[in-house]
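One structure below.
The values are calculated or read from the model by the stated rules, or taken from the named source; none is laboratory data. Since the structure is predicted, the reported quantities are computational estimates derived from the model, not experimental observations. Positions of Cβ are generated from backbone atoms using ideal geometry, with glycine treated the same way; all protein chains shown enter the neighbour counts.
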Amino acid sequence: MHHAIITDMLGEQDADELAQYAHFILYSQRPHQLCVPARAPLRYCDGLRGIVLHREGQFQTQLFIVDPDKTIPEHLHPTVDSYEVYMYGMTFTNGDRQVVTEEDAVKPDEYGFPVHRYKIMRIRPTDWHGGTASKNGGAFMSIQHWLKGQPTSIGLDWDVEENGEDRGGYMGKGHEGEIDEINLKTGTTN
Ligand SMILES: [Fe+2]
């Protein structure tokens, strides 16, 4: 381990296991080390598509593409510690704070890249967070340390309160869970 220090958008600095893994994913400069696994690499849920770019032990990285104007409600991942990595078109919320403004979400810098590209936000298991995609849609990466069990999809480790009701599981518990069962039984990759 290199003892890299990761500084997030809110100025939080960390050098723990997840920070080392995030450093490997973001700065290793070796794209061939990113390797989509054959077991359940793709996720389709309401307005979101995800692909696993890397999975090793308790660590995993997913890339998500979000439909235009889609809002991801405030939620928790109770057993996953993670970094959210802004790529394009997302406003992130962290509790009451809006971390990227709507205008900045799609604004290019002088080189033609999104101004906030590769900025990251530490999302601990107790951190409520959410986001909204721009009218052009949005994309972000999630770099994860699974504290219990094997990595599947961050959308399966999901807690949200809506109208005082804990729904559990993204867009209802069954949906992604069923897909996962199918994947495990047949070995198909959808
Ligand atoms: Fe999340």
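Contact map, the range 105-129: residues that are without any contact (Cβ under 8 Å) to a residue 24 or more places away in the chain paired with residues that are among the aliphatic types (A, V, I, L, M) and in a strand (DSSP E or B), Cβ distance under 9 Å, separation 6+ or inter-chain. No pairs are found.
Close contacts from the range 70-99, counting a first residue that is under 27 Å from Phe24 (Cβ atoms) and a second that is within 12 Å of the ligand (Cβ to nearest atom) and among the hydroxyl-bearing types (Ser, Thr, Tyr), with Cβ to Cβ under 6 Å and a gap of 6+ residues or different chains, come to Ser82/Ser142; Glu84/Ser142. Taking the criterion of being within 14 Å of the ligand (Cβ to nearest atom) and polar (S, T, N, Q), the residues of the range 107-146 that qualify are Thr126, Thr132, Ser142, Gln144. If you go through the range 148-170 one residue at a time, do you hit one that is surrounded by 13 or more Cβ atoms within 10 Å (Cβ to Cβ) and at pLDDT 95 or above? No, because not a single residue in the range 148-170 is surrounded by 13 or more Cβ atoms within 10 Å (Cβ to Cβ) and at pLDDT 95 or above. Anything in the range 50-61 that is in a strand (DSSP E or B) and over 21 Å from Lys119 (Cα atoms)? List them, or say none. Across the range 50-61, the qualifying residues are Arg55, Glu56. If the condition is being in a loop (DSSP other than H, G, I, E, B) and either among the aliphatic types (A, V, I, L, M) or within 9 Å of the ligand (Cβ to nearest atom) (or both), then the range 62-88 contributes only His77.
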